[in-house]
Ligand code: F3S
């Protein structure tokens, strides 16, 4: 039997287990990616376990997320990261070079290789034919140290593309269509593999837009084959010799299939506050727009910037709209300037920011109160923009630019523009000197730590009986943005857990942190898909720091589940989903946790209602042992003693 692209990629990096669906496997990374927001925790972990040099062929660190620099905190973190990377053998991209995922695609991504990154959108590299998986900071650190990453062998979904996109309907609409059909839970436990004749109509940047936002389906990753378009991309970025072809075998078997006829797609839009809340733009056309943000790792390649310039063409944006562009990388800026695109965008009155994440995670460019903001980034979770009352809509760059001109949500096809004639250049400007190599004499590097960079708090082992109050009960699809807020006020304190813990669950309940502190710990109860979204491990660390011992939910998102294990917070699932209704906020619960065994059921005693509720943990024995020890860092420290 033949192999899928996914299976070929996994086989190349497999170090433990068999590629059988549902079995635990270990894979080793060829490359790692970290950035300044999640990376601070990764490098603190590496310091804590005493690592002297990374154990992978290539490790690249990017400074792109935490860039407001309103005071010393961001700058101190940047210095710490530059010192740590120089010492440990990691290549560092300095502030201003661009957004990690696009830079990696331009300069380091190699078809056939495996990339593990401490960011959920690491999966963007699937567009170049890599196996790319996003993890939390702890797993990112372990991968950098050369340890395997363990995961459950996912199912493989074939997404068969036929036809060709119509003019002014760009690649973002393909992934919005996937989200519309599959929903934010539909990809859990799966890898999305693209195939079919439609693939050859998409360049690598377009493919990366699709794989990037595949994270929003909950999928482990997404992948495209490596073909002639991939070769042209590698050649244009001066790396032709690293290209290899990669395609599924004729008789490869998939677990599920979906077909999308690109020629039948129209401009789509995700309504607040979930990326799968997708409808045609026409359905909401005419709604007044206050803000437009064009940017993020999903949508500011050269192709995207030229599309935006094509739509704006120097015409003034609507007087009631505040619009901004965050380009992907320094190379994109230089290429755009060379083609006159920047002139057209600036002439329109669009604000030009540097190539950083910026408004995507609320780090600047927050909308007005109750504002309607159209964005090309991948997430529209409540509060993520930095304004809790704002309504975020996700669109393709052409829809964003057309709406900025008109002041209302606008289908770009209504502007009657000629199609954009774009093909990737033969050769992009050679910007490879953007990167700082590691130190040649690492022992001489002294690590500078600022006062905001607090040591990782001790996480004690799990007691044999856990008892306490249900401190918070939430609904379905709680995101890591709900648990650990994004935004310019909170991002600079991500490496200061005691301070950040004061804002845990702020988006849903401002009083949670104080209540947890006073109660000296307890439980959190949630619905389905608890912890979806970003890979930030602080969403596990903050409740844990505040004394929460277990989270009871109907189901958990993959990345957050791993973070709960890493930081010793016990995830438990209701055996009968309806039992969720038998627990209320404020109830007192007791669970015996002296022995944690894989596959075992536990009885939760609701002391308030005097009822017993059956729960089970979705974890394997290795993960349960980590929880019992108080988390993986404790295990790693014990091993190194
Ligand atoms: Fe940055 Fe937003 Fe992408 S925070 S990595 S631009 S999803």
Seminar exercise, completed: The one condition residue 366 fails out of (1) crowded, with 24+ Cβ neighbours inside 10 Å; (2) within 16 Å of the ligand (Cβ to nearest atom) is (1)
Problem set entry | Within segment 4-16, considering residues that are touching a residue at least 60 places away in the same chain (Cβ under 8 Å) and surrounded by 17 or more Cβ atoms within 10 Å (Cβ to Cβ), the one nearest to residue 191 (Cα to Cα) | 6
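Residues are listed down the side, and each one gets a yes or a no for (1) surrounded by fewer than 16 Cβ atoms within 10 Å (Cβ to Cβ); (2) part of a strand (DSSP E or B); (3) not assigned by TED's automatic domain parsing to the domain that holds residue 161:
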| residue | (1), (2), (3) |
| --- | --- |
| 251 | yes, no, no |
| 294 | no, yes, yes |
| 303 | no, no, yes |
| 308 | no, no, yes |
| 317 | no, no, yes |
| 320 | yes, no, yes |
For this session: Could you pull out the residue among 168, 176 that is buried (at least 19 other Cβ atoms within 10 Å of the Cβ) and on the phi > 0 side of the Ramachandran plot?
Result: 168
Exercise. So, of the residues in segment 328-360 that are assigned to a loop (DSSP other than H, G, I, E, B) and either more than 24 Å from the chain's Cα centre (by Cα) or free of Cβ contacts under 8 Å to residues at least 40 places away in the same chain (or both), which turns out to be nearest to the ligand (Cβ to nearest atom)?
Worked result: 350
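For the structure I just gave you, tell me whether residue 540 is touching a helix residue (DSSP H, G or I) at 6+ places or on another chain (Cβ under 6 Å), outside any strand (DSSP E or B) and buried (at least 23 other Cβ atoms within 10 Å of the Cβ).
Details: touching a helix residue (DSSP H, G or I) at 6+ places or on another chain (Cβ under 6 Å): yes; outside any strand (DSSP E or B): yes; buried (at least 23 other Cβ atoms within 10 Å of the Cβ): yes.
Here the answer is yes, as residue 540 does meet what is asked.
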Problem set entry | Matching entry among 519, 539 (being at negative phi, within 16 Å of the ligand (Cβ to nearest atom) and not assigned by TED's automatic domain parsing to the domain that holds residue 35) | 539
For this session: Only one of these is over 30 Å from residue 72 (Cβ atoms) and in contact (Cβ under 8 Å) with a residue 24 or more places away in the chain: 515, 494, 536. Name it.
Result: 515
For this session: Quick one: in segment 398-431, of everything that is touching a helix residue (DSSP H, G or I) at 6+ places or on another chain (Cβ under 6 Å) and either assigned to a helix (DSSP H, G or I) or free of Cβ contacts under 8 Å to residues at least 24 places away in the same chain (or both), which residue is surrounded by the fewest Cβ atoms within 10 Å (Cβ to Cβ)?
Result: 415
For this session: Among the residues of segment 255-290, write down those that are more than 16 Å from the ligand (Cβ to nearest atom), surrounded by 18 or more Cβ atoms within 10 Å (Cβ to Cβ) and in a strand (DSSP E or B).
Result: 260, 268, 269, 278
For this session: Just one of (1) over 29 Å from residue 95 (Cα atoms); (2) within 16 Å of the ligand (Cβ to nearest atom) trips up residue 304, so point out which.
Result: (1)
For this session: Being part of a loop (DSSP other than H, G, I, E, B) and away from the ligand (no atom under 15 Å from the Cβ) is the filter; apply it to segment 371-394 and report the residue that is nearest to residue 291 (Cα to Cα).
Result: 371
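The values are calculated or read from the model by the stated rules, or taken from the named source; none is laboratory data. Model, not experiment: these values are computed from the prediction. In this analysis, Cβ positions are derived from the backbone assuming ideal geometry, glycine residues included, and neighbour counts consider all displayed protein chains.
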